[in-house]
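Everything on this sheet refers to the single structure shown next.
The values are calculated or read from the model by the stated rules, or taken from the named source; none is laboratory data. These numbers were taken from a predicted model, which means no experiment stands behind them. We place every Cβ from the backbone using ideal geometry, glycine too, and count neighbours over all the protein chains shown. Ligands, DNA and RNA are excluded from the accessible area calculation, which covers all protein heavy atoms including side chains. Shrake-Rupley method; radii C 1.70, N 1.55, O 1.52, S 1.80 Å.
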Amino acid sequence: MVSALGQFSRLGVTRPRAEARAVAEQRSALAIKAPSIDANVLSLSGGNQQKVLLARALLNQQAALLLAE
């Protein structure tokens, strides 16, 4: 979430509920299988790790273009 922190903070204070809501939406949209949104990425299967990286890129609203191979 570090790459998208600006979206979830105001005046240097993070908004955990907004962050958790956005992460939960991406988790659902990409069908990421994880015990919780706080699960360590390294504990997930390889495919779910890749989905997490895609979700991270999609959450970054500053990006104008997303290239995926």
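Considering segment 1-47, the residues that are acidic (Asp, Glu) and open to solvent by 60 Å² or more (accessible area, probe 1.4 Å) include one that is modelled with the highest pLDDT, namely GLU25.
If GLN62 satisfies every condition in (1) loosely packed, with under 13 Cβ neighbours inside 10 Å; (2) free of Cβ contacts under 8 Å to residues at least 40 places away in the same chain but one, which is the exception? Of everything listed in (1) loosely packed, with under 13 Cβ neighbours inside 10 Å; (2) free of Cβ contacts under 8 Å to residues at least 40 places away in the same chain, GLN62 misses just condition (2).
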